[in-house]
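Rule-based calculations on the coordinates, nothing more; no lab input. This structure is a prediction, so every number in the text was calculated from the model and none was measured. With ideal geometry, Cβ positions are generated from the backbone for all residues, glycine too; neighbour counts draw on all protein chains shown.
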Amino acid sequence: MIEQFSFEDLKNKFNDNKNFKIGTYVVAGIIALTVVYFAYRQFIWGPANEKSNDGWWVALNYITKDSTDQAIGILVPFVKNNDGKTGGEIAQYLLATQYMKKGKYSAALKELKDVDLQDTYIATMSIGLQGDCYSQMKKYADALDLYSQAADREDNEFTTPYYLFKAGRVCEELKKKSDALSYYQRIKDDFPNYASTKTIDRYIARCATK
């Protein structure tokens, strides 16, 4: 059940993610299931928007079963028919995560760039997942810009250190050790709980060496 996910559970999921690139798929799926729950509770709009919130739960059921093609088949027309409504925007976010699972990063980017929500989680994750797409495409400079945006969008204990860490990893890909060190040090200074799950000191030590 989505309600059983806690912040600590999610951090433990990420702690074993040793492969930065391949882990994107897993993380995207976990995040999708979590943030849509927050979004569903947070948004209180008019009747049309409330009705639009009902439809994407059907697709979410397929997502939890890793039935990616079935989920896409439901989400594509739903997004088209509910554009601009709360449920339609959430569905568009979910559609992007399913395209990512299939390695269709350009298609995922198109959906993510059109997601128009102002909540803490989905809006921030939409930016961060664009960074994941660019990272998978080895466009690390673009990924870094988006990870930085996601980290700084709204300061909190979940998305901020998570995207600071991704920014640091991309800096390492770009051979920018000093920049990576700055991101890792900020995690250590401002988010000690997250830092401990990532054993951030070893990343700091690695980037501090010439």
Can you check what the net charge comes to around Asp116, using other residues whose Cβ is under 13 Å from the Cβ of Asp116 (Lys, Arg +1; Asp, Glu -1)? -3
Which order do Met125, Met100 fall in if you start with the one that has the fewest other Cβ atoms within 10 Å? Met100, Met125
Highest average packing first - 80-86, 181-187, Cβ atoms within 10 Å: 181-187, 80-86
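Kindly put Asp189, Asp179, Asp132 in sequence by how many other C-beta atoms sit within 10 Å of each C-beta, fewest to most.
Asp189, Asp179, Asp132
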Compute the distance in nm between two label points, each set 7 Å from the Cα along the Cα-to-Cβ direction, one at Lys139 and one at Lys175. 2.2
Return the sequence-ordered ³J(HN,Hα) values of the stretch 180-190 in whole Hz as given by the Karplus equation 6.51 cos²θ - 1.76 cosθ + 1.60 applied to θ = phi - 60°, using x for Gly and Pro. 4, 4, 4, 5, 5, 5, 5, 4, 4, 6, 9
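Which order do the peptides 133-140, 201-208 come out in when sorted by mean C-beta neighbours inside 10 angstrom, highest first? It would help to have the intermediate numbers written out before the result.
On the way: 133-140: 18.1, 201-208: 14.9.
Ranking the peptides 133-140, 201-208 by packing returns 133-140, 201-208.
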Could you work out, for the stretch 140-210, what percent of all Cα-Cα pairs fall into each 10 Å distance bin, beginning at 0 Å and stopping at the bin that holds the largest distance? 24, 56, 20, 0
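How high is the FRET efficiency from Arg206 to Trp57, r the C-beta distance, R0 41 Å, rounded to 0.05? Don't jump to the answer; show the numbers that get you there.
On the way: r = 43 Å, r/R0 = 1.06.
Taking R0 as 41 Å, the efficiency between Arg206 and Trp57 is 0.40.
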Put in order of increasing Cβ neighbours within 10 Å, starting from the fewest, Leu117, Leu75, Leu146 give Leu117, Leu146, Leu75
